[in-house]
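Where a number appears in this text, it was derived from the coordinates with a stated rule and is not lab data. Everything quoted here is computed from the prediction, not taken from an experiment. Cβ sites come from the backbone with ideal geometry, for glycine too, and all protein chains shown count toward neighbours.
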């Protein structure tokens with residue numbers, strides 16, 4: 001998947017969050033959106049997810065033709081959600097469900113990566129002892145592991161991560177980096193954060209503050 005922004009701008013009321021942003025995000029590469037708190041990092045990530053529309057410019061989502069090695073098709077904005085997963089601390093999980101129920105529910109919308117079952121994912125998360133507990137009783141760090149799982153383990157080409165290590169202790173951070181290393185190498189990964197523990201592996205950096213005028 002290739003995601004291309006051309007002269008893109010987003011504003012709320014009269015305030016431009018970013019403007020004149022032209023950039024191409026390509027599969028197999030990792031990108032960090034950085035900048036001060038409140039600068040618009042999460043806004044840009046939501047634009048990339050297709051859940052927020054631009055005020056000017058355009059965005060294109062192009063799957064590759066594997067045989068020809070070119071990008072000659074475009075997904076419509078209505079199709080984008082099928083090919084993108086996002087993890088963010090402000091996104092709710094269904095707290096009335098147990099972990100197994102929630103993963104099965106999510107699997108009904110997006111398949112998991114080949115070779116991964118609900119039981120395997122629970123084991124990878126290290127949450128076997130909490131599998132029958134309603135998610136409402138999980139700690140904030142446990143809930144964040146669930147959010148991370150539904151993003152990274154979905155069989156989609158684009159993974160968007162907004163401050164993914166929020167509420168994580170050292171073990172959670174280590175698990176996050178293990179998942180990135182094991183499951184994201186050939187995908188397009190975009191991380192929004194101002195903490196290098198979240199995006200230290202990213203080869204490309206976009207400072208949102210460079211696109212304020």
Intensity falloff of segment 29-120 expressed as log10 I(q)/I(0), Debye formula with alpha-carbon point scatterers, at q = 0.22 Å⁻¹
-1.26
Over the chain: helical MRE at 222 nm, DSSP H runs n ≥ 4 each giving -39500 (n - 2.57), nearest 500:
-7500 deg cm²/dmol
Residue 76 versus residue 195, label points 7 Å from Cα toward the beta carbon: distance in nm?
4.0 nm
Debye intensity ratio in log₁₀ form over the Cα atoms of segment 2-211, taken at each q of 0.12 Å⁻¹
-0.63
Have a look at 171, 32, 151 and tell me which one the Gaussian network model of the chain (Cα, springs below 10 Å) gives the largest fluctuation.
171
